[in-house]
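The values are calculated or read from the model by the stated rules, or taken from the named source; none is laboratory data. Nothing here was measured: the structure is a model prediction, and the numbers come from that model. So basically every Cβ, Gly included, is an ideal-geometry build from the backbone, and we count neighbours across all protein chains shown. What goes into the accessible areas is simple: the full protein's heavy atoms, side chains included, and nothing from ligands, DNA or RNA. Shrake-Rupley method; radii C 1.70, N 1.55, O 1.52, S 1.80 Å.
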Amino acid sequence: MNRAAPLAEGAGSGAGDAERLPVTTLKGVGAALAEKLAKLGIETVADLLFLLPARYEDRTQIVPIGTLRPGERAVIEGEIQLAEIAFRKRRQLLVRIADGSGFLTLRFFYFTGAQQAQLQRGVRLRCYGEARRGTLGLEIVHPEYRRADGPDAQRTEDSLTPVYPAAEGVQQGRLRILTALALTEVERSSVRDWLPPALLADLGLPTLAAALGYVHRPPPGADLVPLAIGRHPAQRRLAFEELLAHQLSLRQLREDIRADAAWPLAPKGDLAGRLLAALPFALTGAQQRVLREVRADIAAPSPMLRLVQGDVGSGKTVVAALAALAAVECGFQVALMAPTELLAEQHWQNFDRWLRPLGLRVALLSGKLTGRARQSTLNAIRSGTEVPVVIGTHALFQEGVRFGQLAFVIIDEQHRFGVHQRMALREKGLGEGRVPHQLIMTATPIPRTLAMTAYADLDVSVIDELPPGRTPIKTVVIPESRRDEVVARIATACRAGRQAYWVCPLIEESDELEYQAAEATHAALVGALPELRIGLAHGRLTPTKKEAVMAAFKRGELDVLVATTVIEVGVDVPNASLMVVENAERMGLSQLHQLRGRVGRGVEESTCLLLYRAPLSPMARQRLDVMRSTNDGFEVSRRDLELRGPGELLGTRQTGLLQMKVAELTRDADLLPRVQHAAQVMLERHPDNIAPLLRRWIGARERYGKV
Ligand code: ADP
Ligand code: MG
């Protein structure tokens, strides 16, 4: 196997290594403090520099008390006019301070005798804190203060004061001292700028030293507004660098994989043609295009890594099946991995229906399969030729499952699998030095620029067209108080021979409550609609029981399926045309869209009823409005991104991508096209800068190239 050296160990000894200086090299950092810092992920001087302030305080100017507004944080200076202990519910020290323009009260609930002795009439104080409206006029509770009349009457700060994110056990004052020391290392150029000057000039971004200096110590008069929202050029420069590092890392991973060998799978016979002829429908233009893209990839002797995005119901499965036939014709095996047993079974039914007439055997490696039957299936899989297509959950890639001739892996619903699992899978398939091609299907559409960043290690195809003849789903938003009407609609639909889902989603993050809600709803519906067959599926059932209920619904033996969100992904019951979602106001857009995608799969017009409990938060109202206004998954996803940010959109845990130090994908999305361009420039003209850049931003654990 021809694998590039791990990135981190590449170039870049020399001056840049100084940034790997452990924090203990800074004055005043002993073992105890180093340990606390390590808990915050700060081990080196560079780590300190990339811990950016959460906000800033302006202590550069003394504000006249008379101009102070409630809510304002400011430095004031004045003379104590009155200090007294008061008892208002609690014992407290009240200190009135005046500066000629006005007065305010300092209120202390906790104070020592020494403090009380110091805070005497006539003493000049400089205080910092947030002014609030109190019973005695403006007041500051527990201000920071010091005497302003002593021998060392203080000068004001000469930069804005950074406030770092809550750092347990490490005080702000200490962090300020440490970052000041770290900044002197930057001045000494031991923390190097890996972005070449020409590139920075092109981008109109400041140098690393300028950016770090600014974000840690903004000059007096700095505009706090862009700083507060992370849009100052100094912050953007750092975010840019981090995004660039991630982009380069994913591209490197992709290069690594592309450098491996794969079996070229060019169709040799007419299997695909025969399947197409047998299908009761013709492929949409989008399906044809994506199939062409996939076929071109797998015909090459290097592994495909392609993500197929397509809205729910866009017909991804048949595209995968048609592509798989190329592998079969070349004498190889195909494995399809589904996120749940039920989906695996559903895929197996489809594949079996499609491929059996072509004389091909499709195996289902289900959890239910045990004993001798399991062993004989495993043997057949190992033989390679007996079963050209194997379908299962991630159990497919566990110990004990050996493929004779695996050349093509299809993963359904990618968002449940991460970069790391993809890598593991690739290792699993390795045989004769060849790596299987990978096709990943997802119904979680994400906007293009985001996809190019999040999935920089993948090529992306989009099925952006639904099969013709689908009647759009009608979405109605209804308050809980009109539940009776909803029940009546269920009755009507079921009497007409249709089926309905009633989903009780997660409430307050508790399985127990979710289960109770589903049970209660089930009982209420059984009471209200005695003539209907109503099933219940929730996460508390054993997988076997749960799937038995869902399978009964699929066979039409149940009219209504009351369920928790267990039915979210992929289940296909064309006769179900009504979907009720309770507590819709608490759910995220992509989850709502996935749920809604369970209906609208047949020719009948489908309806999705979103039940909410008033009052609606503005955010929840917007989400429900989005659901009502569009059926288009890409549009839903775009709005979701706007409303919520990409973390959950992609599944932070899975991508690893989004655990970033400085950058935030939503906020910095506009940088992405330039990040991609810059990545190209770095690869072509500054390859030596890449390794140290990745070392700086991408921790050893998250480094994508290694599993
Ligand atoms: P998804 O992309 O959500 O996985 P599926 O692959 O499950 O969608 O397809 C949804 C349904 O649409 C299936 O019943 C499938 O057979 C059907 N289908 C797929 N392609 C077409 C097409 N071109 N025309 C009509 N029906 C199609
Ligand atoms: Mg699917």
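Figures for the structure shown
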| quantity | calculated |
| --- | --- |
| Selection from Leu200, Leu307, Ala496 lying farthest towards where the dipole of the chain points positive, charges on Cβ | Ala496 |
| For segment 61-156: rounded, prolate or oblate by the Cα gyration tensor [a/c cutoff 1.5] | oblate |
| Carbon plus sulfur fraction of accessible area for segment 61-156, probe 1.4 Å, in percent | 48 percent |
| Rounded D (µm²/s) - the chain, Kirkwood Rh over Cα pairs, Stokes-Einstein at 10 °C, 1.306 mPa s | 54 µm²/s |
| Mean Cβ neighbour count within 10 Å, used as a protection proxy, ranking 83-91, 130-138, 532-540 highest first | 532-540, 130-138, 83-91 |
| Rounded to the nearest 10 Å², the accessible area of Cys494 at probe 1.4 Å | 10 Å² |
| For the chain, calculated [θ]222 nm from helices alone, where every DSSP H run of n ≥ 4 adds -39500 (n - 2.57) | -11500 deg cm²/dmol |
| Accessible area in the full protein assembly, largest first, 1.4 Å probe, for Asp223, Asp559, Asp158 | Asp158, Asp223, Asp559 |
| Phi-based couplings in Hz for segment 285-301 (Karplus 6.51, -1.76, 1.60; Gly and Pro marked x) | x, 5, 4, 4, 4, 5, 4, 4, 4, 5, 4, 4, 4, 6, 6, 8, x |
| Solvent-accessible area, 1.4 Å probe, carbon plus sulfur percent, for segment 474-630 | 51 percent |
| In degrees, nearest ten, helix 483-495 long axis to first principal axis of the chain (Cα) | 10 degrees |
| Using alpha-carbon coordinates, inclination of helix 371-383 to the longest axis of the chain, degrees | 90 degrees |
| Among Ala239, Ala211, Leu21 - extreme Cα towards positive end, dipole of the chain, charges at beta-carbon | Leu21 |
| Debye, to nearest 20: dipole size of the chain, +1 on Lys, Arg Cβ, -1 on Asp, Glu Cβ | 680 debye |
| Accessible area (Å², per residue) of the chain, counting only protein heavy atoms and a probe of 1.4 Å | 44 Å² |
| Entries of Lys368/Lys546; Lys36/Lys661; Lys368/Lys554; Lys474/Lys546; Lys316/Lys554; Lys316/Lys545 with Cα pairs more than 23 Å apart | Lys474/Lys546; Lys316/Lys545 |
